[in-house]
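Participant: I have a structure I would like to understand better, so I am pasting it below and will then ask my questions one at a time.
The values are calculated or read from the model by the stated rules, or taken from the named source; none is laboratory data. Bear in mind the structure is a predicted one, so any value in this text is a computation, not a measurement. Please note: Cβ atoms are built from the backbone with ideal geometry, for glycine as well, and neighbour counts cover all protein chains shown. When the accessible area is computed, the model is the full protein with side chains, heavy atoms only, and any ligands, DNA or RNA have been set aside. Shrake-Rupley method; radii C 1.70, N 1.55, O 1.52, S 1.80 Å.
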Amino acid sequence: MSTETILILGGSFAGISAAHFVLKHVLPQLPKKEEVTYNVTLVNPSKDFWWRVAAPRESVSKQMMPSDKTFYPIEPAFTYAFPKFKFVQGTATHVDSAGQTVSVETASGEQQSIPYAALVIATGFTTPSPLFTQTTDREALEKVHTAFQEGLKSAKTVVIGGGGPVGVETAGEVAEILNGRPGFMASAPKNPKAKVTLICGDKKLLPLLRPAIGQTAEQFLKRLGCDVTYNTRVASSSKLGEEEGAKTKVELSNGESMEADIYIDATGTRPNTGFLPKEWLDSRNRVACNEKTLRVEHESAGARIYAIGDVGSYTQGGVMDQAIAIPVAMTNLKNDLLAHLTGEPHKGDRHYTANLKEQQVCPIGTQKGVGAFNGFRLPSQMVWAIKGRDYLISQLAEGTLRGDQFKKDPKWTPVQQTGKAGLSSG
Ligand SMILES: Cc1cc2nc3c(=O)[nH]c(=O)nc-3n(C[C@H](O)[C@H](O)[C@H](O)COP(=O)(O)OP(=O)(O)OC[C@H]3O[C@@H](n4cnc5c(N)ncnc54)[C@H](O)[C@@H]3O)c2cc1C
């Protein structure tokens, strides 16, 4: 008896969705042979899926965003598929593409070598601020948030670096918790408790959205007592002491510097690709893949390796894009595996096309927000209704975990297979 494993690294938005897709639409179509069983193995450092989208509010207040709403155990969401689904709490440390195995260090410190018939890389990214990344388990991140909230209580100056959605949302939440909700018509708080400053490297906030929306975001931030500095980057930041509550010196690209009780670095992301061969990565350290098929095509990668989610070179990032990308990558995985296992002709590729319409929804505090959907600007009340109330948790968190979006596989038209389809090796 042998087992063919589809191994998925990373158990967050992309990895969990891919696992459901494979269990529902790939395994049932693989050739049934008595001596072969198929299995999906998901590797993730935490046993809990974390609703990262709510991090701006969760970071600042347990009362407003309790962690019971943002963490969900992964394994129970797959009971329908046992024993074809296996969860390993651990971290991938090395890929041996020649031997088609991945080395994993489990949460208990054990070393495992997991063989794969197909490998899906969904290890996402880490943020410079620990507030927005789950690196190990739930308890560790809860501690980070608790310590941050303690520090906020006495903060008089807060600097946030980064004018993208994470910076803007966090600035809104921080300013509101410190300075309170403004009156209905107020353009700024009467007696702000803290000076909150958002440092934006660009000439406008929210680079994916039209300038007018960025300007509205600035007005909404001002109402909460947050000022925006444009065309300025954070060059570096350093703590001015070892003790708890020590201030941070923030050096700016214009030569000036600021001292802050709290500095939050929201200036971008770092792909979690340190365990992969350098030659598989693009110039920004993301997994370089074919932008249509999402296969990793570097010759040293061997056959049947795919990149999905924010770790991949093909995407602008974001959760919504995964609804397009995951069926594509997992269908190509299925057809590559079928051709490999049966020796029959390849059934053709499925191609990814990004939705590049203006699309981003950004709450600013608990009352206001800006955004656009499918190219249309959204009024503030709609942003509140869609996302500002609870950062999409009641609408999407449990459904994402259950893979509701991938219950059905939408129709698609095969494109003649080109490039590396995974017929070779293994
Ligand atoms: C504060 C914040 C708010 C956001 N809000 C929105 C939003 O409103 N809408 C939106 O579309 N997007 C939003 N995003 C972006 C969104 O979070 C990402 O698009 C999404 O997290 C990407 O999912 P992913 O599964 O590709 O990667 P990640 O969510 O980064 O998950 C990667 C997983 O892989 C694990 N991992 C890492 N290394 C290894 C390894 N070596 N072995 C095994 N596992 C590993 C990680 O622990 C993690 O569980 C937000 C991001 C942040 C930071």
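Participant: Could you tell me the distance between the Cα centroids of region 125-162 and region 1-65, to the nearest Å?
Facilitator: 26 Å
Participant: Then there's this: Taking only protein heavy atoms and a 1.4 Å probe, what accessible area per residue, in Å², does region 130-265 have with all protein chains in place?
Facilitator: On the way: 6740 Å² over 136 residues.
Value for region 130-265: 50 Å² per residue.
Participant: Nearest 10 degrees is fine. How inclined is helix 165-179 to the longest principal axis of the chain, computing both from alpha carbons?
Facilitator: 40 degrees
Participant: To continue, here is another question. Under a 10 Å cutoff between Cα atoms, tell me which one of 59, 283, 257 has the largest fluctuation in the Gaussian network model of the chain.
Facilitator: Highest fluctuation among the options: 283.
Participant: Amide H to amide H, which residues 5 or more places from residue 126 or on other chains are under 5 Å from it, using H placed in the peptide plane?
Facilitator: 270, 272
Participant: Here is a follow-up. Give, as a single signed number, the net charge of other residues whose beta carbon lies under 11 Å from the beta carbon of residue 358, with Lys and Arg counted +1 and Asp and Glu -1.
Facilitator: Values: positive: 210, 357, 377; negative: none.
The answer is +3.
Participant: Quick check: at a probe of 1.4 Å, how many percent of the accessible area of the chain sits on carbon and sulfur atoms? Could you put the intermediate results ahead of the total?
Facilitator: Details: 10200 of 19290 Å².
C and S fraction of accessible area: 53 percent.
Participant: Here's another thing I want to ask about it. Return, for the Cα atoms of the chain, the radius of gyration and Dmax in Å, separated by a comma.
Facilitator: 22.8, 74
Participant: Another question, if that's okay. Suppose only helical runs count, i.e. DSSP H with n ≥ 4. What mean residue ellipticity at 222 nm does that imply for the chain under -39500 (n - 2.57) per run, divided by all residues and rounded to the nearest 500 deg cm²/dmol? Spell out each step's value before the answer.
Facilitator: Values: 8 runs with 89 residues, N = 426.
Taken over the chain, the calculation gives -6500 deg cm²/dmol.
Participant: Let me ask something else about it. What nm distance separates the two modelled labels at residue 282 and residue 219, each placed 7 Å from Cα along Cα→Cβ?
Facilitator: Each label point lies 7 Å from its Cα, and together they span 3.6 nm.
Participant: Now for a different question. Can you work out D for region 99-183 in µm² s⁻¹ from Stokes-Einstein, where Rh is the Kirkwood radius over C-alpha pairs, the temperature is 37 °C and the viscosity is 0.692 mPa s? Spell out each step's value before the answer.
Facilitator: On the way: Rh = 16.5 Å.
The estimated diffusion coefficient comes to 199 µm²/s.
Participant: Nothing charged except the Cβ atoms of Lys and Arg (+1) and of Asp and Glu (-1): what's the magnitude of the dipole of the chain about its Cα centre? Round to the nearest 20 debye.
Facilitator: Working: 47 positive and 43 negative charges, 282 e Å.
Dipole of the chain, to the nearest 20 debye: 1360 debye.
Participant: Separate question: Given Cα pairs under 8 Å that are at least 6 residues apart, what percent is the relative contact order of region 130-265? Write down the numbers at each step before the final one.
Facilitator: Working: 243 pairs, mean separation 34.5, N = 136.
Computed value for region 130-265: 25 percent relative contact order.
Participant: Continuing with the same structure: Mind telling me which of 272, 335, 374 comes out most flexible in a GNM of the chain, alpha-carbon contacts under 10 Å?
Facilitator: Maximum among the listed residues: 374.
Participant: Compute the long axis of helix 138-153 from its Cα atoms, compare it with the longest principal axis of the Cα atoms of the chain, and write down the angle in degrees, 0 to 90, nearest 10.
Facilitator: For 138-153 against the chain, the angle is about 10 degrees.
Participant: In degrees from 0 to 90, rounded to the nearest 10, what is the angle of the helix 322-342 Cα long axis to the longest principal axis of the chain?
Facilitator: 20 degrees
Participant: Would you grab the residues whose amide H sits under 5 Å from the one on residue 37? Only those 5+ places off in sequence or on another chain, please, with H modelled 1.01 Å from N.
Facilitator: Residues meeting the criterion, in which the H sits 1.01 Å from N, are 2, 3, 4.
Participant: Per 0.36 nm of contour for each residue apart, how much would the distance between residue 80 and residue 407 grow if the chain were fully extended, relative to their Cα-Cα spacing?
Facilitator: Numbers: separation 327, 0.36 × 327 = 117.72 nm, distance 1.28 nm.
Computed gain between residue 80 and residue 407 is 116.4 nm.
Participant: Heavy atoms only, 1.4 Å probe, whole protein assembly: order 377, 52 by accessible area, highest first.
Facilitator: On the way: 377 100, 52 55 Å².
Reading off the accessible areas and sorting them downward yields 377, 52.
Participant: Here is a follow-up. Test of understanding: in a Gaussian network model of the chain with alpha carbons linked when under 10 Å, which of 304, 210, 350 would top the mean-square fluctuation ranking?
Facilitator: Of 304, 210, 350, the Gaussian network model singles out 210 as fluctuating most.
Participant: Over region 312-371, what is the relative contact order in percent, taking alpha-carbon pairs closer than 8 angstrom and at least six residues apart?
Facilitator: Details: 38 pairs, mean separation 15.6, N = 60.
The value is 26 percent.
Participant: Also, I was wondering about something else. For the chain, what does the relative contact order come out to in percent, with C-alpha contacts under 8 Å and a separation of six or more?
Facilitator: Working: 922 pairs, mean separation 76.1, N = 426.
The value is 18 percent.
Participant: Moving on to the next point. Give me, ordered by chain and number, the residues 5 or more places off residue 358 or on other chains with an amide H under 5 Å from its own placed amide H.
Facilitator: Close amide H contacts, sequence-distant or interchain: 375.
Participant: With Cβ to Cβ distances under 15 Å as the rule, what net charge do the other residues near residue 42 carry (K, R +1; D, E -1)? Show your work: numbers first, answer last.
Facilitator: Numbers: positive: 24, 47, 84, 86, 402; negative: 48, 75.
Counting the neighbours of residue 42, the net charge comes to +3.
Participant: Antiparallel versus total DSSP beta bridges in region 130-265: what percent is that, nearest 5?
Facilitator: Numbers: 9 of 22 bridges.
Bridges in region 130-265 are about 40 percent antiparallel.
Participant: Next question, about the same structure. Just to confirm a number: summing +1 for Lys and Arg and -1 for Asp and Glu over residues other than residue 181 whose beta-carbon lies under 11 angstrom from that of residue 181, what do you get?
Facilitator: Working: positive: 223, 368; negative: 176.
Taking every other residue near residue 181 into account, the sum is +1.
Participant: Where a ≥ b ≥ c are the square roots of the eigenvalues of the C-alpha gyration tensor, would you call region 130-265 rounded, which needs a/c under 1.5, or, failing that, prolate if a/b is larger than b/c, or oblate? Can you show the working numbers first?
Facilitator: Values: a/c = 1.44, a/b = 1.27, b/c = 1.13.
The shape class here is rounded.
Participant: Write down the percent of antiparallel bridges among all DSSP beta bridges whose residues are both part of the chain, to the nearest 5. Before the final figure, lay out each step's value.
Facilitator: Values: 35 of 69 bridges.
Of those bridges, close to 50 percent are antiparallel.
Participant: Round to the nearest 10 and report in Å² the accessible area of residue 68, as given by a 1.4 Å probe over the protein chains' heavy atoms.
Facilitator: Surface accessible to solvent at residue 68 totals approximately 120 Å².
Participant: In addition: Within region 358-379, what residues put their amide N at less than 17 Å from the label point 7 Å along the Cα-to-Cβ vector of residue 210?
Facilitator: The answer is 358-362, 370-379, whose backbone nitrogens lie closer than 17 Å to the label point.
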